1. Give me 543, 206, 433 ranked fewest to most by other Cβ atoms within 10 Å of their Cβ, as a rough exposure proxy.
2. Considering only DSSP beta bridges where both residues belong to the range 27-174, give the percentage that are antiparallel (nearest 5).
3. Sort the range 146-291 into rounded, prolate or oblate with this rule: let a ≥ b ≥ c be the square roots of the eigenvalues of the Cα gyration tensor; rounded if a/c is under 1.5, and if a/c is not under 1.5, prolate when a/b is larger than b/c, oblate otherwise.
4. Apply the a/c threshold of 1.5 to the C-alpha gyration tensor of the chain and tell me whether it is rounded, prolate or oblate.
5. Starting from 0.36 nm per residue, how many nanometres of slack lie between residue 516 and residue 333 once their C-alpha separation is accounted for?
6. Where the centre of each part is set by its Cα atoms, how far does the range 505-532 sit from the range 203-217, in angstrom?
7. Can you compute the helix-only [θ] at 222 nm over the chain? Use -39500 (n - 2.57) per DSSP H run of at least 4 residues, normalise by all residues, nearest 500 deg cm²/dmol.
8. What does DSSP give for the chain in terms of the percent of beta bridges that are antiparallel, rounded to the nearest 5?
Ligand code: FAD
């Protein structure tokens, strides 16, 4: 942790060439999975300014890397969302005469060499990219900086993902904050002290001159096609249709989603909109989802939150734009630290944790002492494989209790209605309300005593908003292994949580239709006779017993 790779990358980027090679013929913007937009995009804007100043054409590049997606447990939904957005970006860039050259490269290790070859072929002056904070990505970019320096290219890696970038909000001892509340207070102070810097709306890219179509190095790049799918990450056609409707691609859709949150009221009947942009929500600036957020955000039975996470994770809208939109004006204005703004600060916080303590992304708990907690079921090594997780590789063997519990958790058959509704929601929609994410995650870790990394991986493989920093942060929070985590003895009672998160029962009824006729407390905790009648499973574990076991094991790591 003493010299995190982010510091090394920033240093390497500073010392790479300055990108003023005399004979240069182009400038390259390398788009990544987390910055799929044209507006308010730092690296793109800087690359474009460099190109304009030096009268060079701008080229954009995207590297599709299935091996990388596998290693990061990327969901087919997230990959499909990436491809749909790339197709839309390609069209928008083409209007500016800027090609989006997409290459598919199967070997992670060869990417730095591939990028350098591309820069050489284009005789580029420099490459610009927004920083990806995952460790492997930082190491890859350090290699690129080193190679660029030796070849005389500029290599500019810049912060873009967060509102306040990692390294700015630090404790008195100059360390990364490991507790959220003081971080958030310092975050808002820093932000308000320099709004023009942190909330800068980056310049849109300038169009390339028409002559770019005659440029022998560049003209063919316009013919590159964004693939429809990537082998190993194909979505079945029905799921693709559902995703397309629920999470439409493109910056216009992302902005519309933001507008919907800021200016329209939620409608209870639309708690899980299959087509949010066509739900007929009425404009109501005084009683919008934003103004009701503080009171309503924990209710999973209403569609009250922004649903922007897939767009923020893929960078289809910038976090800066989200904050700007909550302000009357950015001139001499002040960001109010309302609840929703604080959620964006959580997002920044977890990126800072990932950058400051990179071990959390390598399967390690932030609190090392919790590495010895005794889990039920598959060992840690099993949860971290480069390929498919084989829960039961020998199909003829019966599942062990923990394997069978994991399967029941994933398929929503635990006998705990709120957990089952949540897990079926993940499967069906690729998304889950924050409070129910916490309930489902805590149930796996504390009630079933399954290693949190099993759940972390499953969420990544299924969510459309899967993001390493937020997902890891969320899982380590519920598992009491992370920074500022939930104390190990504070174990959610799933029945009480259920009545609080789903007071009308709409959420459970929607995703667990067998319980549609259950009423009142019976919906949240069906008695055995009701469960039998409705063909709903009995609870796979008992709440009190499981809670006591978890407290025992967390209190004494290393003992069962
Ligand atoms: P809103 O309530 O409208 O919040 C606005 C934005 O703030 C979100 O879009 C998100 O970018 C950010 N945000 C909100 N809550 C959090 C939080 N707790 N941590 C970090 N950022 C937050 N979020 C992801 O984006 N990707 C993940 O992979 C992910 N995995 C999670 C796993 C677990 C176990 C838990 C408990 C939480 C996870 N979250 C994750 C955080 C949170 O659940 C989602 O961001 C939120 O539910 C998205 O809904 P929304 O866009 O309507 O959020």
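Taken together, the values in this text are just the output of simple stated rules run on the coordinates, not laboratory data. Source: prediction; values computed, not measured. All Cβ positions, even for glycine, are placed from backbone atoms using ideal geometry, and neighbour counts span all protein chains on display.
1. Working: 543 18, 206 15, 433 25.
Ascending number of Cβ neighbours within 10 Å: 206, 543, 433.
2. Numbers: 0 of 17 bridges.
Taking every DSSP beta bridge with both residues in the range 27-174, the antiparallel ones total about 0 percent.
3. Values: a/c = 1.89, a/b = 1.07, b/c = 1.76.
Oblate is the answer for the range 146-291, as a/c is 1.5 or above yet b/c matches or exceeds a/b.
4. It is prolate, given that a/c is not under 1.5 and a/b is the larger ratio.
5. Working: separation 183, 0.36 × 183 = 65.88 nm, distance 4.87 nm.
Result for the pair: 61.0 nm of gain on full extension.
6. 60
7. Details: 25 runs with 253 residues, N = 560.
Only helices count here, giving -13500 deg cm²/dmol.
8. On the way: 2 of 22 bridges.
The answer is about 10 percent antiparallel.
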